[in-house]
Amino acid sequence: MKKARFQRHGRGLIALATATAVWIPCLHFFFAREVGQFNPSGELSPMARRLAARQLLVWSAPGLRQRETARLRRGNPEWDLMARSFVVWSLAEMGLRNPPARREYLGAMDGIIDDTLTVEREQGIYFCLGHTAKDHPYVVQPPRNQFLDGEVALMLASRCFLEDKPAYRTLLRDRLALMTQRMQQSPLLSAESYPDECWIFDNVIALCAMRLADCLDGTDHSQLTRQWLGLVKEKLVDRGTGLLVTSYTTAGRVLKGPEATSIWMVAHCLRLLDENFAQDQYRRARKEFGRTLAGFAWSRKTPADSASILPSFQIGAGASGMALIGASAFGDVDYLSALEATLDFSAFPSEKDGRLHYCAGNQLGDAVMLYASVLGPLWERGKHQANHE
């Protein structure tokens, strides 16, 4: 009897294992969608419109906006600024893709930018930084925050690229002058976000704002950009992976090595500054962080650890979201499609009244998804104008 029972259990386990082996590889087909949903070549995709509708609602309904902002700030004050930035950058891309809706997008962009400038005036440079920002003095005085300056500058430049606004052009010039001055006081031409803590992410965004401003105003920050690129290639590339590090002191001492939440966006930004270097960084990031299995994909947070038993399954939710930006920016169709399948399977999309929200994330996550689904025209125009100056 006991032997027969074991045989039955054994056959059951074999059947279960066989069914799993067949079912799991097919599971992604229920969640896969056309890649064009995330990076359409022309007009906005239905998914992008639904994501945008949710973001526009957040910024037009004060009660909802307050709740979403409070939720972000409870998690991390940095997320508040990043959510604002990704929405504004997305709306600029959408306005270039969908000119008939430009008026609506411009109004929303102005509302977010003006609110951000008001918060900055009222709360200062620390409103979007963690609690450690006041633990030590900034090296360059008076203190400023390159995270804030860079993202606001790129918001202003993106908005003016969509349609000029003289008041914003003046604010943009003033902020770029401050950033340029502070970057030039560092041996690595990098300004601080936290005290004696510079981030590749923040400085490359600042340089992108400068590139777009050069297209708008006829100014020239190309020498600063070339010098910065030369220094980071020489001083801030991780020897093991060939990837840019994440953060470092003003003197160049590395604080954090390569991280996926940074490098996917950094590689995208580098496309506006140095296409070959951007392609190199994306290929390396794809190798170190990108993982696929049975039609699904994700991103690790840190490079592979050879000592780990299952290194491929170190999944980073935030890193996987940012990977969508990288895959979309570089046209990595296979990886992008598998990331989308994972998103629909694990992030619990919820649609109501034509508005899309991912319940497993927050407003920043939705804003990142929106940006990944519309990015392209702004960088292409920036590169085209720069090449014809």
Report summary line: The number of residues in segment 117-165 that are under 27 Å from CYS215 (Cβ atoms) and of a type in the set (Phe, Trp, Tyr) is 2
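Going by the structure shown, is ARG226 at pLDDT 95 or above, in a helix (DSSP H, G or I) and under 14 Å from CYS269 (Cα atoms)?
It is false that ARG226 is at pLDDT 95 or above, in a helix (DSSP H, G or I) and under 14 Å from CYS269 (Cα atoms).
One line per residue, one yes/no per condition, for (1) without any contact (Cβ under 8 Å) to a residue 40 or more places away in the chain; (2) part of a helix (DSSP H, G or I); (3) touching a helix residue (DSSP H, G or I) at 6+ places or on another chain (Cβ under 9 Å):
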residue: ALA153; (1), (2), (3): no, yes, yes
residue: ARG159; (1), (2), (3): no, yes, yes
residue: LEU171; (1), (2), (3): no, yes, yes
residue: ARG211; (1), (2), (3): no, yes, yes
residue: LEU216; (1), (2), (3): no, yes, yes
residue: GLY242; (1), (2), (3): no, no, yes
residue: THR250; (1), (2), (3): no, no, no
Query raised in the report: Do we have any residue at all in segment 246-255 that's modelled with pLDDT of 95 or more and under 18 Å from the mean Cα position of the chain (by Cα)?
Result: yes
Query raised in the report: Residues in segment 65-73: is at least one farther than 25 Å from ILE200 by Cβ, modelled with pLDDT under 95 and outside any helix (DSSP H, G or I)?
Result: no
Query raised in the report: From the residues in segment 190-214 that are over 21 Å from HIS136 (Cα atoms) and of a type in the set (A, V, I, L, M), which one is surrounded by the most Cβ atoms within 10 Å (Cβ to Cβ)?
Result: ALA206
Query - All positions within segment 259-284 that are outside any helix (DSSP H, G or I) and more than 18 Å from PHE147 (Cα to Cα) - result: ARG271, LEU272, LEU273, ASP274
Query raised in the report: strands (runs of 3 or more DSSP E) wholly in segment 290-389 with at least 1 residues that are exposed (fewer than 15 other Cβ atoms within 10 Å of the Cβ) and modelled with pLDDT of 80 or more - which ones?
Result: 290-293, 349-352
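Conditions tested, residue by residue: (1) without any contact (Cβ under 8 Å) to a residue 12 or more places away in the chain; (2) within 18 Å of GLN281 (Cβ to Cβ); (3) out of contact with any strand residue (DSSP E or B) (no Cβ under 6 Å at 6 or more places or on another chain).
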site	(1), (2), (3)
GLY318	no, no, yes
SER328	no, yes, yes
ASP332	no, yes, yes
LEU336	no, yes, yes
SER346	no, no, yes
GLU351	no, no, yes
HIS357	no, no, no
GLN363	no, no, yes
Report summary line: Among residues of segment 137-147 being touching a residue at least 12 places away in the same chain (Cβ under 8 Å) and surrounded by fewer than 24 Cβ atoms within 10 Å (Cβ to Cβ), the residue farthest from LYS383 (Cα to Cα) is PRO137
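Let's see how each residue does on (1) at pLDDT below 95; (2) acidic (Asp, Glu); (3) buried (at least 19 other Cβ atoms within 10 Å of the Cβ):
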{"position": "GLY10", "(1), (2), (3)": "yes, no, no"}
{"position": "GLN37", "(1), (2), (3)": "yes, no, no"}
{"position": "SER41", "(1), (2), (3)": "yes, no, no"}
{"position": "ALA48", "(1), (2), (3)": "yes, no, yes"}
{"position": "ALA83", "(1), (2), (3)": "no, no, yes"}
{"position": "TYR105", "(1), (2), (3)": "no, no, yes"}
{"position": "ILE112", "(1), (2), (3)": "no, no, yes"}
{"position": "VAL119", "(1), (2), (3)": "no, no, no"}
Query raised in the report: Do we find a residue being under 27 Å from PRO99 (Cα atoms), in contact (Cβ under 8 Å) with a residue 12 or more places away in the chain and either assigned to a helix (DSSP H, G or I) or among the aliphatic types (A, V, I, L, M) (or both) anywhere in segment 181-198?
Result: no
Report task. Read through the list (1) farther than 25 Å from LEU216 by Cα; (2) surrounded by fewer than 20 Cβ atoms within 10 Å (Cβ to Cβ); (3) under 23 Å from the mean Cα position of the chain (by Cα); (4) modelled with pLDDT of 95 or more, then give the number of the only condition that GLY130 fails. Result -> (4)
Report summary line: How many residues of segment 337-368 are out of contact with any helix residue (DSSP H, G or I) (no Cβ under 6 Å at 6 or more places or on another chain), of a type in the set (A, V, I, L, M, F, W, C) and under 22 Å from SER85 (Cβ atoms)? The answer is 3
Requested in this report: Evaluate segment 174-196: report whether one residue or more is at pLDDT below 95 and of a type in the set (Asp, Glu).
Outcome: no
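The values are calculated or read from the model by the stated rules, or taken from the named source; none is laboratory data. It should be emphasised that the depicted structure is a prediction, and the values quoted were computed from it without experimental measurement. Heads up, the Cβs are rebuilt from the backbone with ideal geometry, glycines too, and the neighbour counts pull from every protein chain shown.
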